[in-house]
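This report refers to the structure that appears directly beneath it.
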Amino acid sequence: MADLSTNFLGIRSPNPFWLASAPPTDKQYNVERAFRAGWGGVVWKTLGEDGPPVVNVNGPRYGAIHGADRRLLGLNNIELITDRPLEVNLREIAEVKKNWPDRAMIVSIMVPCEEQAWKAILPLVEATGADGIELNFGCPHGMSERGMGSAVGQVPEYIEMVARWCKQTTRMPVIVKLTPNITDIRYPARAAKKGGADAVSLINTISSIISVDLDSFSPTPSIDGRGSHGGYCGPAVKPIALNMVAEIARDAETRGLPISGIGGITTWRDAAEYIALGCGTVQVCTAAMTYGFKIVQEMIDGLSAYMDEKGFRTIEDFRGRAVPNVTDWQYLNLNYIAKARIDQDACIKCGRCHIACEDTSHQAITSMVDGKRHFEVIDAECVGCNLCVSVCPVENCITMEEMVAGTDPRTGRPVSPDYANWTTHPNNPMARVAAE
């Protein structure tokens, strides 16, 4: 039986599934219900400095993008940090930690970019018995206009500075939450490490306008006829998040830096992919808001079954295994050749593969053979792009088959077993310069 327990920065939890800092973690009632459902930890919704709480809009806060079956693909929100008094949040955090000592309790914090502001709130959080803090440098709306959130996260020097203030002030592990609204995620991650941060978490939400109401001509969600940019999350952001996690995991300056993965995690498989790219824990928000807290049981059961099937006893047995296989395009094997193959027994004759290939790709799939509707790959035209696999509605009906010998009918050249990439290709002008 797989052991899903985690030890992230010395913070132990019974499984790697944490609720991310968001509406589901805003109060004791929610967090204790989440723990009863099986979540291994939470990141408490972001706290601000003592004084008048922030003010959220009293109206729609979410916009959504749905698939054809109304399945939620992406969620946009314009909600700010907690609008409950600091003292109430701190009291509830302490109570929850006392009641659930085996669960991870991380507290998200966002205060003005001033040393005294950070050093004032840290002892208050530490007194609750919380296991760690997460510095919210990612929020792209509302708070960023006040010089906080992503306004800090987009300036590596600020990240390094605040992380250093916090490390000088608290015993708690410091996690820096990174914004994806930046050109190269490696720079803020490097800054967090230079500032002494113990880990990074990513990604926070992506700055977005999710849609425009074509009757009122207001961005949605609409507040009295007007809308604003907000933070985009949900399954649609997962590919962006995975790429950014991989960039940090394989960067020479941040390799080995602990990572808590966030972004579109809805199933155990999503979580396993983040772990394979080096994450020690994963944080979930949109899936819990869509399906409820009990979805964690499906994640736990699925991940446990996968690990048993693969012979992995603990998370550490496969954490980071995918990182060495992430490379830059120039190092991909240009001698690798594959052709699409259509399972005629599984084919439902819908023709999607033919249309996609005929109209937008390489005209490598037939539509008629001997006067009958028939879809078959023309090897002499197939470049192995796998567009047909992507558009086919029948799972595993079309697969890619590697050519390991013989002659490629498209190029007329022998299939080579040797590895070759763009850095040595004769068409590469830099390769010619190097050869000379």
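Side notes on the structure shown:
- Taking the conditions (1) surrounded by 22 or more Cβ atoms within 10 Å (Cβ to Cβ); (2) within 26 Å of residue 319 (Cβ to Cβ); (3) touching a Gly at 6+ places or on another chain (Cβ under 7 Å) in turn, residue 195 satisfies each one other than (3).
- Restricting 252, 340 to those that are outside the structural domain of residue 63 (by TED's automatic domain parsing) and either part of a helix (DSSP H, G or I) or of a type in the set (Gly, Ala, Ser) (or both) reduces the list to 340.
- Pairs, first more than 10 Å from residue 131 (Cα to Cα) in the stretch 163-175, second assigned to a strand (DSSP E or B) and basic (Lys, Arg), C-beta under 9 Å, six or more apart: none
- Of all residues in the stretch 355-387 being hydroxyl-bearing (Ser, Thr, Tyr) and either at pLDDT 95 or above or in a helix (DSSP H, G or I) (or both), the one that is surrounded by the fewest Cβ atoms within 10 Å (Cβ to Cβ): 360
- Identity of the residue in the stretch 395-419, surrounded by 14 or more Cβ atoms within 10 Å (Cβ to Cβ) and among the aliphatic types (A, V, I, L, M), that ends up farthest from residue 342 (Cα to Cα): 415
- For first residues located in the stretch 408-432 and at pLDDT below 90, partners that are surrounded by 12 or more Cβ atoms within 10 Å (Cβ to Cβ) and not in a helix (DSSP H, G or I) and lie 6+ apart or on another chain with Cβ distances below 7 Å form the pairs 431/425.
- Condition check for residue 394: within 32 Å of the chain's Cα centre (by Cα) and assigned to a helix (DSSP H, G or I): no
- Residue that is modelled with the highest pLDDT, among those in the stretch 45-60 that are part of a loop (DSSP other than H, G, I, E, B) and surrounded by 14 or more Cβ atoms within 10 Å (Cβ to Cβ): 48
- In the stretch 72-112, the residues that are surrounded by fewer than 19 Cβ atoms within 10 Å (Cβ to Cβ) and either among the hydrophobic types (A, V, I, L, M, F, W, C) or closer than 15 Å to residue 50 by Cα (or both): 72, 73, 83, 84, 85, 86, 87, 88, 91, 94, 100, 112
- Unique residue being assigned by TED's automatic domain parsing to the domain that holds residue 267, more than 26 Å from residue 257 (Cα to Cα) and either buried (at least 21 other Cβ atoms within 10 Å of the Cβ) or of a type outside the set (D, E, K, R) (or both) when the list is 175, 185, 203, 209: 209
The values are calculated or read from the model by the stated rules, or taken from the named source; none is laboratory data. For clarity, every value in this text was computed on a predicted model and none was experimentally measured. With ideal geometry, Cβ positions are generated from the backbone for all residues, glycine too; neighbour counts draw on all protein chains shown.
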